Amino acid sequence: MPMLWSRGPPLPVSPIGEVEKVLRFAVSQIPPKKIMMGVNLYGYDWTLPYMPGGGWARSVSPQQALEIALANNAAIQYDQKAQAPFFRYRDTRGRNHIVWFEDARSIQARYKLVSRFGLRGVSYWVLGNEFPQNWLVLEDMFVIRKL
């Protein structure tokens, strides 16, 4: 499950290039049909400026991220290299924030890697987080077997 953590500098949670590197190594060591790619169903809201050793970023569901963007009239941007959405906003106390999270586009990019590498499937981290778009993309791209 190639992901970054909330204590470090503000970055995408799982940039597609890093995910691909981990998968490339994994399939060189393990048969692809034995590998399930971990998918994060969360993002991080960092207070800026980032200070090494400072506070933790707040974990947010993809749905919460969208609600924060809407409430703050923040324009959601998309980092093509990382294949990840993000936005900036200022809170009611005047502090600047950056939020990196997942959306339908970023999840679709990760699911394409599952197909490309011939993996067994996906597993989720923080399954209870709201992210209805995920299920639509998943059902559109794969045959779902419920066990």
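Derivation of every value follows stated rules applied to the coordinates shown; laboratory data play no part. Source: prediction; values computed, not measured.
Hey, if you drop one equal point scatterer on each alpha-carbon of region 35-117 and run the Debye formula without solvent, what base-10 log of I(q)/I(0) do you get at q = 0.10, 0.16, 0.22, 0.24 Å⁻¹? Each listed q corresponds, in turn, to -0.28, -0.65, -1.05, -1.18. Note the listed values (1) -0.24, -0.64, -0.86; (2) -0.23, -0.59, -0.77; (3) -0.31, -0.75, -0.92, then indicate which one is log10 I(q)/I(0) by the Debye sum over Cα atoms at q = 0.08, 0.13, 0.15 Å⁻¹ calculated from this particular structure. The calculated read-out lines up with (2).
Of all the options I76, I98, I30, the one that moves most in a Gaussian network model of the chain with Cα springs shorter than 10 angstrom is I30. Altogether, the Stokes-Einstein calculation at 4 °C and 1.567 mPa s, with the Kirkwood radius of region 81-147 over Cα pairs as Rh, returns a diffusion coefficient of 92 µm²/s. Put the Cα centre of region 89-147 next to the Cα centre of region 12-28 and the gap is 15 Å.
A full extension of the chain between S115 and M51 corresponds to an added length of 19.2 nm, given 0.36 nm per residue minus the alpha carbon distance. Highest GNM mean-square fluctuation among S61, S28, S123, for the chain modelled with Cα contacts below 10 Å: S28. The angle between the Cα long axis of helix 104-117 and the main principal axis of the chain comes to about 30°, on a 0 to 90 degree scale. Shown for the chain: lysine pairs separated by 8 or more places, or found on different chains, whose C-alpha atoms are under 27 Å apart, numbering 10. With respect to the chain, whose longest principal axis is taken over its alpha-carbon atoms, helix 16-29 is tilted by about 30°. Fully extending the segment from R90 to V27, taken as 0.36 nm per residue of separation minus the present Cα-Cα distance, adds 18.4 nm. Between 0 and 90 degrees, the angle of helix 132-141 with respect to the longest Cα principal axis of the chain falls at about 30 degrees.
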